[in-house]
Amino acid sequence: MKKTLCAALALTLVFAFAACGQGSENPGGVTPSDLMGTEPPATPTPDPEPLDSLSICGIPVIRGGQLSGLGYEGMDYADGTLTINALELEREDQAAPIISFGGGDLEIIVVGECSIVTSGTDGIVAEDGSALSFSGEGSLSISTEGAAAIDVSGAVTVGCALSATGETVCTSENVTAAEGFAVTANDESSLTVSAA
């Protein structure tokens, strides 16, 4: 009975998210089938997550330090690490950034060629002084118009191929390259990191 109720709740949430998007442009061709529903863990989870919150395109993956049971196609979260795989997201004039997190540090592992393109919406946002790190064999391109590509006040460490442009490229004053990588450009509107 619990499993049936959880499945019905997950399906209801998918339809609710789909209904909320009606009447506006569909960013990146996202459909309700792109949302991945999993059975929510027992409440509360035995161990709180290393983050208090994590949302992807406005969908809460972690809320109050607990997994929500929701996910997003092309992204996988586990233990403070978000893996993005051949991800291509485009959003225009949406209130929510592509990735927002808080209450702990986040590592993003990049697999394949990934891109985030926004207009009027920040790309990646930390809600507090949390740190952000990138790693992986892939490459990530972030392009924002009229917004910040990376709005993080904590440290940002880049260990993958990264090209970011925006009205403000990165709000952190502490941007470094991981071992084997080098920052080849870093000014107010662009940040480029490549293999050393």
Using alpha-carbon pairs under 8 Å, 6+ residues apart, how would you state the relative contact order of the range 42-166 in percent? 20 percent
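Beyond 16 Å, what share of the Cα-Cα pairs of the range 80-129 remains, rounded to the nearest whole percent? Display every interim value, and only then the final one.
On the way: 560 of 1225 pairs.
The answer is 46 percent, as a whole percent.
If the only charges are +1 at each Lys and Arg Cβ and -1 at each Asp and Glu Cβ, what is the size of the charge dipole of the range 117-196 around the Cα centre, to the nearest 20 debye? Mind showing how you got there, number by number?
Numbers: 0 positive and 11 negative charges, 48 e Å.
Approximately 240 debye in magnitude.
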Would you mind checking which residues have amide H under 5 Å from VAL183's amide H? H placed 1.01 Å from N; only 5 or more apart, or other chain. ALA177
For the modelled label position 7 Å from the Cα of GLU88 along Cα-to-Cβ, which residues of the range 163-179 have backbone nitrogen atoms closer than 14 Å? none
Mean 1/r over distinct Cα pairs of the range 103-186, inverted to a Kirkwood Rh in Å, yields 12.7 Å
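Go ahead and run the numbers for FRET between SER141 and ARG63, Cβ-Cβ distance against an R0 of 35 Å, rounding to 0.05.
For R0 = 35 Å, the calculated efficiency reads 0.75.
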So what is the accessible area of the range 73-123 per residue, in Å², with the probe set to 1.4 Å? 41 Å²
Can you list the equivalent-ellipsoid semi-axes of the range 42-196, largest first and in whole Å, using the square root of 5 times each Cα gyration tensor eigenvalue? 24, 17, 15
Quick one: of the DSSP bridges fully inside the range 70-196, what percent are antiparallel, nearest 5? 25 percent
Under a 5 Å amide H to amide H cut-off, with H placed in plane at 1.01 Å, what residues pair with PHE134 once short-range neighbours are removed? ILE108, THR157, VAL158, GLY159
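Taking only protein heavy atoms into account and a 1.4 Å probe, give the accessible area per residue of the range 124-196 in Å².
Computed with neighbouring chains in place, this is 44 Å² per residue.
The values are calculated or read from the model by the stated rules, or taken from the named source; none is laboratory data. In this text, all values refer to a predicted model and were calculated from it rather than measured experimentally. Virtual Cβ from ideal backbone geometry, glycine too; neighbours counted across all protein chains shown. The accessibility values were calculated without ligands, DNA or RNA, using every heavy atom of the protein model including side chains. Shrake-Rupley method; radii C 1.70, N 1.55, O 1.52, S 1.80 Å.
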